[in-house]
Amino acid sequence: MVKVGIIGVGTVGVSVVNILKENADVISARAGRDIVVKSGVVRNLNKDRGLDIILTDNVDDVLNDEEIDIVVELMGGVEEPFLVVKKALQNGKAVVTANKALLAYHRYELQEIAKDKAFEFEASVAGGIPIITALRDGLSANHIESIMGIMNGTCNYMMTKMTNEGVAYDAILKEAQELGYAEADPTFDVGGYDAAHKLLILASIAYGIDAKPEDILIEGIENVTQEDISFAKEFGYAIKLLGIAKKDGNEVELRVHACLIKQDEMIAKIDGVMNGISVVGDKVGETLYYGPGAGGDATASAVVANIIDIARSGKSTPMLGFNRPMEGDALTLKSTEKIESKYYLRVNVSDRAGVLARITKIFEEHNISVETMLQRQADNGSANLLISTHMAVERDIQAMMQELEALDFVHAKPVMIRIV
Ligand code: NAP
Ligand code: HSE
């Protein structure tokens with residue numbers, strides 16, 4: 001028998017306990033042993049969770065329990081779970097976590113501490129989709145050329161409802177929270193940080209890149225308005241929050257931001273809480289992974305799969321999938337300002353003579369070539385200029401946006417969305 005202790009019995013933790021019980025027949029058949037939850041740790045012992053396991057509010061009750069083989073960390077946060085997980089490994093326990101924020105900051109230290117001990121984290125990226133296993137094991141023969149996709153269920157759920165039903169941002173965020181999709185602090189979702197944490201985990205497995213969230217381009221969906229969504233629809237685009245990792249020579253670019261994607265692209269059709277990730281390997285070509293990216297049961301499905309795997313073998317592959325430096329340690333992170341893309345800009349301006357000429361001159365001065373331009377009347381006699389560019393460099397776009405914002409006939413900070 002394998003005994004499990006769960007630290008954090010909230011949305012995901014409750015589902016883990018229930019799945020281990022409800023699917024015990026197939027789980028024990030697949031693991032070759034029975035798996036039982038011995039105890040769980042919570043903050044509030046008075047909350048009714050409808051479970052029949054022992055609950056405590058002291059993590060040491062689990063960490064120091066010699067009968068517990070596997071510690072499952074589902075409490076969230078960064079530094080507190082780091083200490084918890086470290087102690088669990090030092091006490092000789094295998095660890096399973098769904099905590100991408102923890103891994104975004106401490107994955108290399110944890111790999112060092114874990115050594116041969118099993119440390120699994122399938123649920124940390126894209127909820128129920130087995131993307132870690134696919135990348136670490138299934139595609140391990142390949143150089144990875146790119147990883148691109150929808151990695152945050154909350155944002156995709158929100159963008160879908162805003163696009164299809166015109167639901168207001170705040171109302172739909174509240175709904176995503178009630179459904180158990182959002183992080184304890186939902187600014188991690190809407191600010192793009194959660195997707196960035198996931199992208200960094202994938203980038204370590206694919207490229208051995210040791211970067212922190214502060215090192216990469218991260219933008220969320222907070223500035224996307226109904227206006228941009230309807231313009232996008234009108235021109236045949238969907239707006240999605242994407243995580244993108246791309247190898248370019250010896251550099252890897254990592255970025256998370258809202259993107260305009262042609263409606264007929266597969267990724268543009270992924271709606272609701274679903275995630276979808278494309279991975280291109282040099283030998284296999286393009287592979288696609290699709291499924292629920294958040295929610296108690298979907299996430300717990302991946303957590304339990306890790307528990308079963310550990311119960312089977314007691315040992316895992318190296319945590320990040322490599323024993324020696326990847327690609328001879330040759331790959332480095334591309335600086336954000338060198339990233340290239342096409343861009344959509346919305347600039348609200350005074351509707352008067354000479355404005356358009358000034359704007360196009362500024363584009364020229366920053367070496368940015370306009371692909372299409374359209375003017376729409378807006379409030380108070382102003383006009384919205386909707387501009388798409390040819391490929392341009394991030395450094396030039398940012399400099400141009402600053403210059404545009406400072407002009408007296410530009411009424412608000414220009415809106416910029418990258419086109420994929
Ligand atoms: P949650 O519902 O907020 O549950 C967190 C649990 O941890 C609660 O039971 C809480 O106790 C407990 N807890 C927090 N701090 C604690 C502490 N210091 N000591 C003891 N217990 C503590 O969160 P969740 O949605 O289940 O997410 C858990 C983890 O899974 C997070 O790392 C999250 O990023 C990750 N994840 C979540 C999803 C999802 O869809 N929800 C998907 C993938 C990954 P109380 O209940 O008493 O407050
Ligand atoms: N808050 C996360 C999301 C949970 O919405 O994708 C899954 O990691």
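The values are calculated or read from the model by the stated rules, or taken from the named source; none is laboratory data. Since the structure is predicted, the reported quantities are computational estimates derived from the model, not experimental observations. Positions of Cβ are backbone-derived with ideal geometry, glycine not excepted, and every protein chain shown enters the neighbour counts. Note: accessible area is taken over every heavy atom of the protein model, side chains too, but ligands, DNA and RNA are not part of it. Shrake-Rupley method; radii C 1.70, N 1.55, O 1.52, S 1.80 Å.
Does Arg107 qualify as being open to solvent by less than 60 Å² (accessible area, probe 1.4 Å) and in contact (Cβ under 8 Å) with a residue 40 or more places away in the chain? Yes: the conditions hold for Arg107. For segment 185-201, the criterion of being more than 26 Å from Leu386 (Cβ to Cβ), surrounded by fewer than 18 Cβ atoms within 10 Å (Cβ to Cβ), touching a residue at least 40 places away in the same chain (Cβ under 8 Å) and within 16 Å of ligand 1 (Cβ to nearest atom) is met by no residue.
Among the numbered conditions (1) open to solvent by 30 Å² or more (accessible area, probe 1.4 Å); (2) touching a Gly at 6+ places or on another chain (Cβ under 6 Å); (3) within 16 Å of ligand 1 (Cβ to nearest atom), the only one that Tyr290 does not meet is (3). Could you go through segment 367-377 and let me know if any residue there is among the polar types (S, T, N, Q), open to solvent by less than 20 Å² (accessible area, probe 1.4 Å) and either at negative phi or touching a strand residue (DSSP E or B) at 6+ places or on another chain (Cβ under 9 Å) (or both). No, every residue in segment 367-377 fails to be among the polar types (S, T, N, Q), open to solvent by less than 20 Å² (accessible area, probe 1.4 Å) and either at negative phi or touching a strand residue (DSSP E or B) at 6+ places or on another chain (Cβ under 9 Å) (or both). The set of residues from segment 90-104 being away from ligand 2 (no atom under 14 Å from the Cβ) and buried (at least 19 other Cβ atoms within 10 Å of the Cβ) comprises Lys93, Ala94, Val95, Val96. Candidates Glu222, Glu227, Glu214: the one that is in a loop (DSSP other than H, G, I, E, B), of a type in the set (Asp, Glu) and surrounded by fewer than 22 Cβ atoms within 10 Å (Cβ to Cβ) is Glu222.
Restricting to segment 136-173, and then to whatever is free of Cβ contacts under 8 Å to residues at least 40 places away in the same chain and open to solvent by less than 40 Å² (accessible area, probe 1.4 Å), can you tell me which residue is farthest from Ser278 (Cα to Cα)? The residue in question is Val167.
Kindly indicate whether any position in segment 108-123 is within 16 Å of ligand 1 (Cβ to nearest atom) and under 22 Å from Val280 (Cβ atoms). Yes, that holds for at least one residue.
The residue that is nearest to ligand 2 (Cβ to nearest atom), among those in segment 129-154 that are touching a helix residue (DSSP H, G or I) at 6+ places or on another chain (Cβ under 6 Å) and hydrophobic (A, V, I, L, M, F, W, C), is Met151.
Of the listed requirements (1) within 16 Å of ligand 2 (Cβ to nearest atom); (2) open to solvent by 10 Å² or more (accessible area, probe 1.4 Å); (3) not in a helix (DSSP H, G or I), Ala126 misses just one: (2).
So that you can scan it fast, the table gives a plain yes or no per residue for (1) over 25 Å from Ser146 (Cβ atoms); (2) open to solvent by less than 40 Å² (accessible area, probe 1.4 Å):
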residue: Asn275; (1), (2): no, yes
residue: Gly281; (1), (2): no, yes
residue: Glu286; (1), (2): no, no
residue: Gly295; (1), (2): yes, yes
residue: Ser301; (1), (2): yes, no
residue: Leu331; (1), (2): no, yes
residue: Lys338; (1), (2): no, no
residue: Asn348; (1), (2): yes, yes
residue: Glu364; (1), (2): yes, no
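Exactly one residue out of Val71, Val59, Val85 is near ligand 1 (Cβ under 10 Å from one of its atoms) and surrounded by 14 or more Cβ atoms within 10 Å (Cβ to Cβ): that is Val59.
A count restricted to segment 110-121 and to residues that are open to solvent by 10 Å² or more (accessible area, probe 1.4 Å) and touching a Phe, Trp or Tyr at 6+ places or on another chain (Cβ under 8 Å) stands at 1. When Ala206 is tested against the conditions (1) away from ligand 2 (no atom under 16 Å from the Cβ); (2) farther than 30 Å from Pro318 by Cα; (3) among the aliphatic types (A, V, I, L, M); (4) open to solvent by less than 10 Å² (accessible area, probe 1.4 Å), the lone failure is (2). Only residues that are touching a residue at least 40 places away in the same chain (Cβ under 8 Å) and among the charged types (D, E, K, R) were counted across segment 5-56, and they come to 3. Of the strands (runs of 3 or more DSSP E) contained entirely in segment 296-392, those carrying at least 2 residues that are free of Cβ contacts under 8 Å to residues at least 60 places away in the same chain fall at 370-377, 382-389. Determine which member of the set Ile267, Ile277, Ile339 is of a type in the set (A, V, I, L, M) and touching an Asp or Glu at 6+ places or on another chain (Cβ under 7 Å). Only one candidate passes the filter, namely Ile339. Answer yes or no: is there a residue in segment 109-118 that is aliphatic (A, V, I, L, M), within 16 Å of ligand 2 (Cβ to nearest atom) and outside the structural domain of Asn275 (by TED's automatic domain parsing). No, segment 109-118 contains no residue that is aliphatic (A, V, I, L, M), within 16 Å of ligand 2 (Cβ to nearest atom) and outside the structural domain of Asn275 (by TED's automatic domain parsing).
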